[in-house]
Each structure stands twice: as C-alpha cells, then as structure tokens.
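The block underneath contains the structure these notes are about, expressed in structure tokens.
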Number of protein chains: 2
Amino acid sequence: VKRVLVTGAGGFIGRHALAPLVQRGYEVHAVRRSRSGPGEPAVVWHAADLLEPGAAESLCALVRPTHLLHLAWYTEPDLYWRSLENLRWVEASSSLLRAFAAAGGGRVVGAGTCAEYDWEAAARCDERSTPVRPATLYGACKAALAMIQQAHAPEAGMSQAWGRLFFLYGPDEHPTRLVASVATALLQGREARCTSGEQRRDFLNAADAAGAFAALLDSTVEGPVNIASGESVPVSHVVARIAALAGNPGLVRLGARPTPAGEPAEIGAAVERLRDEVGWRGRRSLEEGLAEVVAWWRAHLGERVHESHG
Amino acid sequence: VKRVLVTGAGGFIGRHALAPLVQRGYEVHAVRRSRSGPGEPAVVWHAADLLEPGAAESLCALVRPTHLLHLAWYTEPDLYWRSLENLRWVEASSSLLRAFAAAGGGRVVGAGTCAEYDWEAAARCDERSTPVRPATLYGACKAALAMIQQAHAPEAGMSQAWGRLFFLYGPDEHPTRLVASVATALLQGREARCTSGEQRRDFLNAADAAGAFAALLDSTVEGPVNIASGESVPVSHVVARIAALAGNPGLVRLGARPTPAGEPAEIGAAVERLRDEVGWRGRRSLEEGLAEVVAWWRAHLGERVHESHG
C-alpha cells in the first residue's frame, strides 16, 4: 500500500495535492494545524502542530506513512522572507524527517523555492548548474533543509526529491499578493498600483504546482526539481491579462510603485527535469489559469474583507 | 561586560578554549552535559543537555550571554559521519541560535568542518572560492547550520563567524583516532597498522584550534574561516614523527590497511583569513604538538584501557 502523509494540507498548494494523490492510488493522510479540512473524499484528516515537540513522532507512529509530502512552512506574505519562524520550521522539518524514517518511511518530497538559487548567476535557474546561494533567511533555511534531507535519505534507507517553487498564483490567494491584489482592485473599480512590470518571472497555477508535486512524489527522481511553467513573462503581461479579464484596464497604474532595489530582471526556471524525468506537464496555460482566478474572485468578492495592495 | 556561553566546554577543543577566553577578558560560562567540569578558575559551569527541548532557552535566559561559542555536537569517532544524531544537533543548534538572540546575544561563532567543502574541487580549501558540497551527512548538517547561522544573524541584529576545522590531534584524544592510536601502539610495543600514508592532510593541535576560536570570537570577522595550520603534510610524515618520539619505529606498518576508496590525495586549508583578518597564528609547530601528545600518553598509559587501532 502507498500511504502518504501530506503536511500543510490545508494550504495554498496542499489543498490541491490531495485529489491527484488519491487518483494515483495513495491512501492520503492530510495534516493541518486546525481540526478538520475540506471534505475531500478518501482523505483522512489529522490535526497537529508540527512545531510542538513530539508532534511529528506521534503522527508518524500513528499513520506509519510510506511516503511524505512535506509542504508545511511559515508563509505569512512579506514577513516570511526575514522571519525567525524559518528556523523553527527547519527544526520541525528535520524532526519530521527523523520521525518519518523511524516509522519506516520510504520516500520524501519537500517543498523548496527559487529563492535558494543565486539570482545573479542565471536568468534561467537550473538544478544542476545554478549555484545555491540564497540572499534571504527564508531561502537559506529552505536550502539548508534541502541539504539535510538529501544527505539524510541514503543513511535512512530512503529516496528523496525536492520541488523548487517559483511564482505561484491561484484562486483564494492571499489578497496582498500580486495576482489577487490586481484582480480584486480592478473587479472593485479601484486603482491597481503596480511596479513598472518589466521584470520577467515564471508563473505557475497553484493547482498545477500541486499536480507536479504529486507526480514527483510518485516518481523515483532524486534531488532538486524545479516546479515551474518553464516560461518567464513580464509582470506587466500578467497584469494586462488580468485587466483584459476583469475589466477596468484604465485603472492599472504601471510604475506607480518603485521596483524594489536588487530585484533581478528575470527569474526563470529550467523545467527539463520536471518534464523529461518526472514526465509532468502543466494542464493550464497562464491564460486559462488567470481566467480561473478572475472568475473565482468575481464569484467570491463581497464574501470577505480585502486588504488593499499596500 | 563580555559574557560568553561556551557549549561542548568539556570536549576535545572546548576544554582548551576556556583559559584563552578568560585571558581575553570574558566572563566565561561553560556548558557540558554532566555536572561539573575541570577546575578552571574564573569559569562558571552549567550542566545542560542541549538536545532537551527548552534547555537552550533556560540557559540563555539565565546567563544572558553577549557572546556564544557553540562547539557541542555529536562526535563519536567513525560513527559521526553518518549518524542520524547529526539532524538532532542541527535542530538543537538552531534552537540555541534563537534562544541566544532572544536573550539579547550579540555575536556567535560556530564550529564547522572541512567536510563541508567539495574535496574534489581543490587540494587547498578556500573559504571564498571552494564550493560547499558535502559528501557526508555530518558535512551536510554542518554546512546547513552554517547557512542558517549566516542568514539568521543579520535578521537578529547579530554578527557571526564559522570556524571550519580540519584534522585535529592533541593530548587525551579518543584512542581510535590516528595520532592517539599510533602513539599508544608504539609506546606499548604493539604494531601500528596504517594506510600507505601518502595522503596529505592539515593537522592542528586541539589547544591551538581552541585559541583560534577564542581569537575569532573576539574579532569582528564575519562568515566562514578555516581553522588550520595552513600546511598539509603526508600522513606518513606524522606517523614517522610519532615513531621518532615514541620509539619502536620498526613496529610501524605503512600500507597494512587499505586507503579507503574516495580518500582525496590532499585536504589542505587556506589560512589567509585566520592569519590576516583574525590575526591569529598557532603557537606550536607540528613537531612540538606531537611531542606534547607522546609525552602525555607516556605519562597516562596504564591509567586507562585502550582500544586497539581497528
């Protein structure tokens, strides 16, 4: 039996990972901090705070997972780059790796980030040739965990992979993030104040990212694998597409906000490993993904209070 | 007041670090797992198991150190390279960093290893140019902690440095390690079975390593600093010097043990940072250091049971 423990299962990616894992034949055990999760059929929910000492041991001893998909982390927008919570998540993740191994686990996939790479070194980050040289505490803690996981696995008789995420968007995103803030502003008839938008980024829909993680877990591929679309587009292009879908293009204010110092002109991803070794391709074009998001916000606006795009 | 917390203070390096820190004007708080330490004047001893949840917080809240010299780790000879205990020490060390910062700490120095470097890349490992690419779980966990410490310090308003140790020897060394095993065998009239000894290594006396750590802590140097002699010598040369000092050179069996596969021909250290930036030079030549060790074993043999050099 393939039995997977998914952490961060209520999160932005995690919630989309459960159905693909069920489809691939896994018995899915989903962990989140609060009591119960969304009513995904054939998923067993567990409530656990992985930052509590002993929580990972108890959970792994109970579930005895063969597979671990570890997506949980501190993700408060803006704050997560520099927060000391990153250290607590390294500690909790290392403890989880030990508990998973001790309970007989066989394969682990962790969630990394493009912020592990040296962005000065390459416009298109490649798992094999681009140096790991994180510029932030978040990137450093993720890179440190990747290094630990990679060296731990063979000593514990396990296999492992590490999915490095780039720029994500999707329905129900935190309202201060780029795509959500522009979509909600325009749908509500407010100004969308943006940077110049010339910088190029690789955008991927959160549901596609989750599908890629499920495929990676279900493969035998080892080590870091970029999880991205493989195509970087100017941020202004994304903003323009949202405006075309949401209406009110006249309210877009490109250049109204300064581009932060040190922002690289391009952060792209090599996706040969994901495409050729894992055998995964995204289902949605950027066009389709953005249409889903705008439709979702159109249906949900008014149900919740939105913060403005500071 | 400069108040330093020294972890691993009863260990092979730590025990030699206390006096130099006192000499540099520090109020020295020494931590070891068991109750009391050697009667070093002007040192306050604390008993704490840093692997216990909450131990680091209690200790830092009590001592309120301005400086942290973190030497504690899992060091069981041979086993430490691959042990899962390495993960527990990453967790404990990260937790210690957070506790030190929360208690108002200002500067931390951690203990790294030459095993963080890619030994294929250079015969003389350099802090700035030699890639960090550990081949072992021990090296990976040390390199991961270095990355975390370096990124954490600025966010916590601290300064930090990381001393990378190479090959150490000294009095009272674990009897299975190279220098101790050859010295004790020859002093006891047993065969000293060695590899061919052609491989070159950088050897440093443990007391000199401790002095270098004290100097590094007392400096403002940031980041990784090799702690080594700067000179790599063939292992056979070290063995021959021991034989000259201990007698029984006819019992040395070079080539009696195979050189392990993948052993690099040379593991040397660039010491420009230590010498020019920290301003530290070793007190003992290899000759003098080995003479001390042989004299120590000559005085202590018979007091303890020795394992043979397997």
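Observations on the model:
- Solvent exposure of the range B:1-96, expressed per residue, is 45 Å² of accessible area, with all protein chains present and a 1.4 angstrom probe.
- Value of relative contact order over chain B, rounded to a whole percent, pairs C-alpha under 8 Å and six or more apart: 18
- Chain A contacts chain B over a buried accessible area of about 2100 Å², both sides summed; the probe is 1.4 Å and only protein chains count.
- Modelled spin-label separation between A:VAL233 and A:GLU120, with each label point placed 7 Å from Cα along the Cα-to-Cβ direction: 3.1 nm.
- Our note on the geometry: Cα centres of the range B:164-206 and the range B:229-306, 6 Å apart.
- Extended-chain gain in nm, criterion 0.36 nm per residue less alpha-carbon gap, B:SER196 and B:ARG257: 21.2 nm
- Size of charge dipole - the range A:146-261 - debye, nearest 20, with Cβ of Lys, Arg +1 and Asp, Glu -1, no other charges: 660
- Within the protein assembly as shown, percent of DSSP bridges classed antiparallel, to nearest 5: 10
- Gyration tensor verdict on the range A:140-291 (Cα atoms; rounded if a/c is under 1.5, prolate if a/b is larger than b/c, oblate otherwise): prolate
- For A:LYS142, a cut-off of 26 angstrom between C-alpha atoms picks up these lysines, skipping any fewer than 8 places away in its own chain: B:LYS142.
- In chain B, the ratio of gyration radius to Kirkwood radius, Rg to Rh, stands at 0.96 when only Cα atoms are counted.
- A simple count of charges around B:GLN160, restricted to other residues whose Cβ falls under 13 Å of its Cβ and scoring Lys, Arg +1 and Asp, Glu -1, yields -1.
- Element breakdown for the range A:155-310 at a 1.4 angstrom probe: carbon and sulfur atoms account for 47% of the accessible area.
- Starting from the label point of B:ALA42 at 7 Å along Cα→Cβ, the same points in the other copies fall at 7.1 nm, in ascending order.
- B:ALA240 label point (Cα plus 7 Å toward Cβ) to equivalent points in the other copies: 7.4 nm, shortest first.
- Here the Karplus curve 6.51 cos²θ - 1.76 cosθ + 1.60, taken at θ = phi - 60°, turns the phi angles of the range B:155-164 into couplings of 6, 9, x, 10, 10, 7, 9, 9, x, 9 Hz, with x standing for Gly and Pro.
- Bridge orientation summary for the range A:98-165: considering DSSP beta bridges with both residues in this region, about 10 percent are antiparallel.
- Exposed GluC sites (Glu not before Pro) absent - longest run of chain A, DSSP non-H/G/I/E/B, at most 13 other C-beta within 10 Å: A:121-302
- The shape of the protein assembly as shown can be summarised by an equivalent ellipsoid whose semi-axes, obtained from the alpha carbon gyration tensor, come to 51, 25, 23 Å from longest to shortest.
- Helix A:286-300 and the longest principal axis of the Cα set of chain A meet at an angle near 80°.
- Each copy carries a label point for B:ASP172 at 7 Å from Cα toward Cβ; from one copy, the others' points are 6.1 nm away, ordered from shortest.
- Hypothetical label at A:ALA295: residues of the range A:191-209 whose amide nitrogen lies under 19 Å (7 Å Cα-Cβ projection): A:204-209
- Residues whose amide H falls under 5 Å from that of B:TRP162, counting only those 5 or more places apart or on a different chain, are B:GLY110, B:GLY223, B:VAL225, with hydrogens built in the peptide plane.
- For the peptide A:135-141, the mean number of other protein chain Cβ atoms found within 10 angstrom of a residue's Cβ is 4.
- Exposure check, 1.4 Å probe, all protein chains in place: A:PHE167 carries approximately 60 Å² of accessible surface.
- A probe of 1.4 angstrom, applied to the heavy atoms of all protein chains, finds B:ARG98 with accessible area near 60 square angstrom.
- In the range B:92-181, a dipole from Cβ-located charges (positive for Lys and Arg, negative for Asp and Glu) runs towards its positive end, and of B:THR136, B:MET158, B:CYS114 it is B:MET158 whose Cα lies farthest in that direction.
- Between 0 and 90 degrees, the angle of helix B:85-102 with respect to the longest Cα principal axis of chain B falls at about 30 degrees.
- Cα centroid of the range B:112-160 to Cα centroid of the range B:43-84, whole Å: 20
- Residue with peak Gaussian network fluctuation, chain A [Cα springs, cutoff 10 Å], from A:ARG253, A:ARG107, A:ARG273: A:ARG253
- Per-residue average of Cβ from other chains inside 10 Å of B:79-90: 4
- Acute angle (nearest 10 degrees) that the helix A:235-246 long axis makes with the longest principal axis of chain A, alpha-carbon atoms: 80
- Across peptide B:224-234, the mean count of Cβ atoms from other chains lying within 10 Å of each residue's own Cβ comes to 0.
- With 0.36 nm allotted per residue and the present C-alpha distance subtracted, the A:SER285-A:ALA47 stretch has 82.2 nm of extension available.
The values are calculated or read from the model by the stated rules, or taken from the named source; none is laboratory data. Keep in mind that this is a model prediction, so the values were computed, not measured. Every residue, glycine among them, receives a Cβ derived from its backbone with ideal geometry; neighbour counts consider all protein chains shown. Quick note on the areas: whole protein, heavy atoms, side chains included, nothing else; ligands and nucleic acids left out. Shrake-Rupley method; radii C 1.70, N 1.55, O 1.52, S 1.80 Å.
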